[in-house]
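Enquirer: Handing you this structure, nothing more for now.
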Amino acid sequence: MSFGIITRSVPETGLSLSEPNGYGIGAGVGYRGFVLDAQYGRDQDQPLSLTEGLNLGVSYKSENWRTTVRVAEENSSGRGTSAILDERKYSVDLGGAYHLTPSVSLSGGVKYSLSYQSDRTRSAKDAEQTNSSVYLGTAINF
């Protein structure tokens, strides 16, 4: 079992565009090759901008391979140049890795993302955008 906390904070009087204020927390539990983990984060990049996100994943690792399924959700709100904007992002990631040697592994996966952006000052329809990607990589451990 693992547990971690990441924090960034500045005094309220020192909040500026170059000094973000936020935190992240995560935990994972593993049993017989299975790992279930979750992370939550909150970040205030600017005085009028806020981002929150939740990330959940499950993975299984055997002697020579590993597979992972991860879902994520992120909400951002703030003021743009002339409007109040909200953005919601959702993603699903399916990945895996095969260990070629104890120190070299080949990894890859597929990720699908969906995002909505809305302008709260107008009654216009939300803008929707979808993205998908395939990724390949290698990891070398020393």
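Readers should treat all values here as calculations from the given coordinates under stated rules, not as data from a laboratory. For clarity, every value in this text was computed on a predicted model and none was experimentally measured. Cβ placement follows ideal geometry from the backbone for every residue including glycine, while neighbour counts extend to all protein chains displayed.
Enquirer: If I stretch the segment between ASN75 and TYR90 completely, what's the gain in nm (0.36 nm per residue apart, minus their alpha carbon distance), one decimal?
Expert: Extra length available between ASN75 and TYR90 comes to 4.5 nm.
Enquirer: Here is a follow-up. Please rank PHE142, PHE34, fewest neighbouring Cβ atoms within 10 Å first, as an exposure proxy.
Expert: Ascending number of Cβ neighbours within 10 Å: PHE142, PHE34.
Enquirer: Once the other residues with Cβ under 9 Å from the Cβ of ASP93 are scored (Lys, Arg +1; Asp, Glu -1), what is the net sum?
Expert: Charge balance near ASP93 sits at +2.
Enquirer: For the pair TYR135/VAL58, report the inter-label distance in nm, with labels modelled 7 Å from Cα in the Cβ direction.
Expert: Placing both labels 7 Å along Cα→Cβ, they lie 2.2 nm apart.
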